1. Return the total of residues in region 1-33 being surrounded by 24 or more Cβ atoms within 10 Å (Cβ to Cβ), among the hydrophobic types (A, V, I, L, M, F, W, C), assigned to a helix (DSSP H, G or I) and in contact with a Gly (Cβ under 9 Å, 6 or more places away or on another chain).
2. Hand me the list of helices (runs of 4 or more DSSP H) wholly inside region 40-144 holding 1 or more residues that are loosely packed, with under 14 Cβ neighbours inside 10 Å and among the aliphatic types (A, V, I, L, M).
3. I'm trying to understand the selection: among the residues of region 67-108, which are among the aliphatic types (A, V, I, L, M), under 23 Å from Leu133 (Cβ atoms) and touching a Gly at 6+ places or on another chain (Cβ under 6 Å)?
4. Going by the structure shown, is Leu164 closer than 17 Å to Met1 by Cβ and surrounded by 14 or more Cβ atoms within 10 Å (Cβ to Cβ)?
Amino acid sequence: MKRLCVFCGSSKGSRAVYAEAAEELGTLLARRGIELVYGGGCVGLMGIVADATLRAGGHVIGVIPQSLVIKEVVHEGLPDLRVVKSMHERKALMADLSDAFIALPGGFGTYEEFCEVLTWAQLGLHKKPFGLLNVAGFYDPLLALFDHAVAEEFIRPGHRELVLVDANAEMLLQRLETFRPPATSKWIHRDET
């Protein structure tokens, strides 16, 4: 794993533990020689994970749409900043550049980005691992929703296993490095299509 994409909030959240987790993850990436790929912002958990990676001597690639550069949320201290035209281009480039994905706590954008790469794996478009850094149980409600969707036969159990979860950043990185995706078809009731 040479590059890890991190999805996370443009806010720091209400609890210090979220910022601490972003700081720890950025530092771990640099120590392990893993490059950070992220959304290119200087605010919230995005800025914290990037700054921590840079302070620890790591390499950071930011990918940001022009519209957000104009709003002055771009991190101007990045060694590798890629400005794209749209959010769609941003997500595609981040996915192409990355070997794996982690979501820290965040809001709608974080969920959307994470679920999109998860869907691409479900469809067999890539075999890259991804995980949720479940800081202080932040993702417990989302995981309960995933489990409910499995119980209601909207998600296959094998696809639920695609989502690696850990509260410890070091353990999650280790699990990403050793992950092997299950061979599972997306369609539960193929005869209905």
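Rule-based calculations on the coordinates, nothing more; no lab input. Values in this document were obtained by computation on a predicted structure and should not be read as measured data. So basically every Cβ, Gly included, is an ideal-geometry build from the backbone, and we count neighbours across all protein chains shown.
1. Matching residues across region 1-33 total 2.
2. Values: elements: 44-55, 66-70, 87-97, 108-122.
Output list reads 66-70.
3. Correct list: Val73, Leu78, Ile102.
4. Values: closer than 17 Å to Met1 by Cβ: yes; surrounded by 14 or more Cβ atoms within 10 Å (Cβ to Cβ): yes.
Taking the combined requirement at face value, the residue satisfies it.
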